[in-house]
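Comments concern the structure below.
The values are calculated or read from the model by the stated rules, or taken from the named source; none is laboratory data. Please read all numbers here as calculations on a predicted model, not as lab measurements. Positions of Cβ are backbone-derived with ideal geometry, glycine not excepted, and every protein chain shown enters the neighbour counts. All accessible areas refer to the heavy atoms of the entire protein, side chains included, with ligands and DNA or RNA removed. Shrake-Rupley method; radii C 1.70, N 1.55, O 1.52, S 1.80 Å.
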Amino acid sequence: SGTAKVDTTEPITPADHARIGSITKTMTGTVILQLIDEGELSFDDVIETYVPGMPNGDTATIRDLLQMQSGIPAYTDGTTVVEQYAADPTTTFTPQELVDSVKEKPAMFEPGTKFFYSNTNYVLLGLVIEKVTGKSIADNFDERLFTPLGMSETSVPGDSTELPAPYLSGISTQADPEGTVKDATNWNPSLAFTAGEAISTLDDLHKWAVALGTGEGILPPETQQLRVDSVNTTVPPNTPERSYGMGIVNTAGWLGHTGEIPGYNTVVNYRADTKTAIVVMVNSDIVLQSGEAPAAT
């Protein structure tokens, strides 16, 4: 339902591409788990080994970053990066610039003691992937995830502001002047890197939902079980009904993730007991009157 492009009557189709925001984190987390299986990384490696100078850098581990328990502040909150992006959303950022923006901030808490959703964790994990493999994120995702699963319409844009045709244009009230509706379709996704820059389609995200929920094609059964079990965390403020594991979210028994990036809001979920996948894609990130994100309803 709805329209694919701003100020048109063009209908939405399943073939349309859209930015999927933080669902990218599930992909980043999967590659990290693969590298651990391959012996290239350890859950207990500290981030200082790969990206020096971060708050909690000598104590926050790969496991802490995966589970959003590192205590490393979010670069999307009150940093020069956010100010630059708000002034000009076409600005290109390097991943190093993103994480550097919080280096002078104090750590939020001791690693492993709390959950706090910080995009910095997953940008750092992306830098780890590139350092360990010697390959770009695009190549890693293509070779390890998209090609094996037949996700031919999913891509990592880097700092390109273009989307493959056909695509959904997206609207947002973010950036200056805040509160006014803007066409965010070609805002620069480099602000998100491996925390949220991927592009996909409805059918490809269905394939991803199944793979994420079952591990089929991406992780061996024992690693998938480890990931599923990771949502049973008791670290506050996680609860049995809503909890964050290793790049995967439990929402009352559904495993998946939400995704938001200016102009777009997406949800991917899978329930193992009924083998049911749900994918929702909305070409707006504007919060509804109910206070909910558009894809969450």
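Under 13 Å Cα-Cα from Lys207, which aspartates and glutamates qualify once same-chain neighbours fewer than 8 residues away are excluded?
Glu153, Glu216
Given contacts defined as C-alpha pairs under 8 Å and at least six residues apart, what's the relative contact order of the stretch 53-183, whole-number percent? Intermediate results must be reported in sequence, preceding the final value.
Details: 149 pairs, mean separation 34.7, N = 131.
This gives 26 percent for the stretch 53-183.
Whole number please: convex hull volume per residue of the Cα set in the stretch 159-297, in Å³?
Here the figure is 135 Å³ per residue.
What accessible area per residue comes out for the chain, rounded to a whole number of Å², with a 1.4 Å probe? Write out the running numbers ahead of the final one.
On the way: 12370 Å² over 297 residues.
It amounts to 42 Å² per residue over the chain.
Rounded to a whole number, what % of the accessible area of the chain do carbon and sulfur atoms account for, probe 1.4 Å?
52 percent
Cα to Cα, under 20 Å, and not fewer than 8 places away if on the same chain: which aspartates and glutamates meet these conditions relative to Lys105?
Here the aspartates and glutamates satisfying the reach criterion relative to Lys105 are Glu48, Asp58, Asp64, Asp77, Glu83, Glu97.
Specify the inter-centroid distance of the stretch 10-69 and the stretch 170-243, based on alpha-carbon positions, in whole Å.
Result: 11 Å between the Cα centres.
Could you grab the relative contact order for the chain? Cα pairs under 8 Å, six or more apart, rounded to a whole percent.
On the way: 635 pairs, mean separation 71.9, N = 297.
It comes to 24 percent, rounded to a whole number.
Within the stretch 152-194, list the residues whose amide N lies under 14 Å from a label point set 7 Å along Cα→Cβ of Thr8.
Residues 163-171, 185-186 qualify, since their backbone N sits under 14 Å from the label point.
Please provide three numbers in whole Å: the alpha-carbon extents of the chain along the principal axes, with the largest listed first.
Rounded to whole Å, the extents work out to 52, 45, 39 Å.
Quote the charge dipole size of the chain about the Cα centre in Debye, to the nearest 20; the model charges only the Cβ of Lys and Arg (+1) and of Asp and Glu (-1).
Computed charge dipole of the chain: roughly 580 debye.
With contacts defined as alpha carbon pairs under 8 Å and 6 or more residues apart, what's the relative contact order of the stretch 210-282 in percent?
22 percent
Thr147 versus Thr113, label points 7 Å from Cα toward the beta carbon: distance in nm?
The answer from the label model is 4.5 nm.
Which stretch or stretches of the stretch 71-105 have amide N atoms under 19 Å from the point lying 7 Å from Asp176's Cα along the Cα→Cβ direction?
Only 76-93 fall inside the zone, counting backbone N under 19 Å.
Can you give me the long-range amide H partners of Phe93? Hydrogens built in the peptide plane at 1.01 Å from N, cutoff under 5 Å, separation of 5 or more residues or another chain.
Under 5 Å from the amide H of Phe93: Ser190, Leu191.
With the Cα gyration tensor of the stretch 85-232 in hand, convert its eigenvalues to equivalent ellipsoid semi-axes via √(5λ) and list them largest first in whole Å.
Semi-axis lengths for the stretch 85-232 are 27, 23, 16 Å.
Can you tell me the length gained on complete extension of the stretch Asp229 to Asp203, counting 0.36 nm per residue apart and subtracting the Cα distance?
Numbers: separation 26, 0.36 × 26 = 9.36 nm, distance 2.72 nm.
Length gained, Asp229 through Asp203: 6.6 nm.
With respect to the cross-link table entries Lys25/Lys275; Lys5/Lys103; Lys103/Lys182; Lys103/Lys135, which display a Cα-Cα separation exceeding 29 Å?
Lys5/Lys103; Lys103/Lys182
Take peptides 154-166, 92-104, 60-72 and line them up by average Cβ neighbours within 10 Å, highest first, as a rough protection proxy.
The densest-packed peptide leads the list: 60-72, 92-104, 154-166.
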